[in-house]
Amino acid sequence: MSNNDNKKVVIELNDVRRNFVMGEEVVHALRGISFKIYEGEFVTIMGTSGSGKSTLLNQLGCLDTPTSGEYYLDGVSVRTMSRSQRAVLRNRKIGFVFQNYNLLAKTTSVENVELPLMYNKNYSASQRREAAIKSLEMVGLGNRLYHKSNQMSGGQMQRVAIARALVNDPAVILADEATGNLDTRTSFEILVLFQKLHAEGRTIIFVTHNPEIAQYSSRNIMLRDGKIREDVQNNNILSAAEALANLPAPQDD
Ligand SMILES: Nc1ncnc2c1ncn2[C@@H]1O[C@H](COP(=O)(O)OP(=O)(O)OP(=O)(O)O)[C@@H](O)[C@H]1O
Ligand SMILES: [Mg+2]
């Protein structure tokens, strides 16, 4: 009996394929991907350039649909949905964190974080503001609520992006090279935050080139040529907080 037996399945892929037709040629970007991701898992998806990571992430994020196969997000079949249905599902169920933050420039943290709630009729303006502030406090930015994106560091901008991803209480957080633009220390600070969210029971999928990140997650899926090459549990999750504490002190010269 595995320890996932009682857990809720958040994501299920059954033999997902994605072909791109390029003139006479067909590119097989995903060649039959199947897996289940359970609530509370912190999964890294890795693989070399061209192995299909972005194509897979676009499927998971409901930004694209498979050529064949099934995708269930929180029990809902995505394949047969229209583009606008997918947009609603995406807005409600998924929090995105990108390498380049994707914040609105010259816009305050609270306003950036409120954005995913703008289309949600259940929130009044003051409830939106309240939720955004709560989310920013969760990522340690309670003191940067009214700073604009261009007045913050990369690590702070990524925290705002994570607060924005959390504000809707999504079923899953999808991160695409979320530490890719950050220096080592700041990358670890962001990893500490992801591990905190994991400890709180959030479901996280983190796509990355960087094999080091896998050591901080609970499961690693490795792609090669559009197929799963390896899918393993990590029973020895390292602490990002510890790694951060052990980094050599920054030189001020
Ligand atoms: N829109 C598209 N049209 C045609 N071919 C595509 C398209 N998107 C991706 N591909 C092809 O599918 C394969 C997988 O691409 P993908 O972008 O998913 O790789 P990746 O793992 O994200 O690589 P990287 O690490 O370089 O970002 C590649 O061979 C790529 O050329
Ligand atoms: Mg890519």
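The values are calculated or read from the model by the stated rules, or taken from the named source; none is laboratory data. As the structure is a computational prediction, the values presented were derived from the model and not from experiment. For neighbour counting, all protein chains shown are included, and Cβ atoms are generated from backbone atoms with ideal geometry for every residue, glycine included. The area values use the complete protein model at the heavy-atom level, side chains included, leaving out ligands, DNA and RNA. Shrake-Rupley method; radii C 1.70, N 1.55, O 1.52, S 1.80 Å.
Ranking F96, F20 from most to least accessible surface, computed with a 1.4 Å probe over the protein chains only, gives F20, F96.
In a fully extended conformation the segment linking S239 and Q215 would gain 7.8 nm over its present Cα-Cα distance, using 0.36 nm per residue. For the chain, the share of DSSP beta bridges that are antiparallel, to the nearest 5, is 60%. On the protein heavy atoms, probe 1.4 angstrom, tell me the percent of accessible surface of the chain carried by carbon and sulfur. So the carbon and sulfur contribution to the accessible surface is 46 percent.
When Rg and the Kirkwood radius Rh are both evaluated on Cα atoms of the chain, their ratio Rg/Rh stands at 0.97. Accessible surface for the chain, divided over its residues, is 51 Å² per residue with a 1.4 Å probe.
As a calculated quantity, the FRET efficiency between L247 and E137 at R0 = 22 Å, using C-beta atoms, amounts to about 0.30. Remark: spin-label model distance Q85-V9 equals 1.9 nm, labels positioned 7 Å along the Cα→Cβ axis. Estimated at 0.36 nm per residue, the fully extended path between D183 and F20 surpasses their Cα-Cα distance by 55.2 nm. Measure up K8/K196; K106/K196; K7/K93; K53/K106; K7/K121 against 23 Å on the Cα-Cα distance and list the ones that go over. Over 23 Å apart, Cα to Cα: K106/K196; K53/K106; K7/K121.
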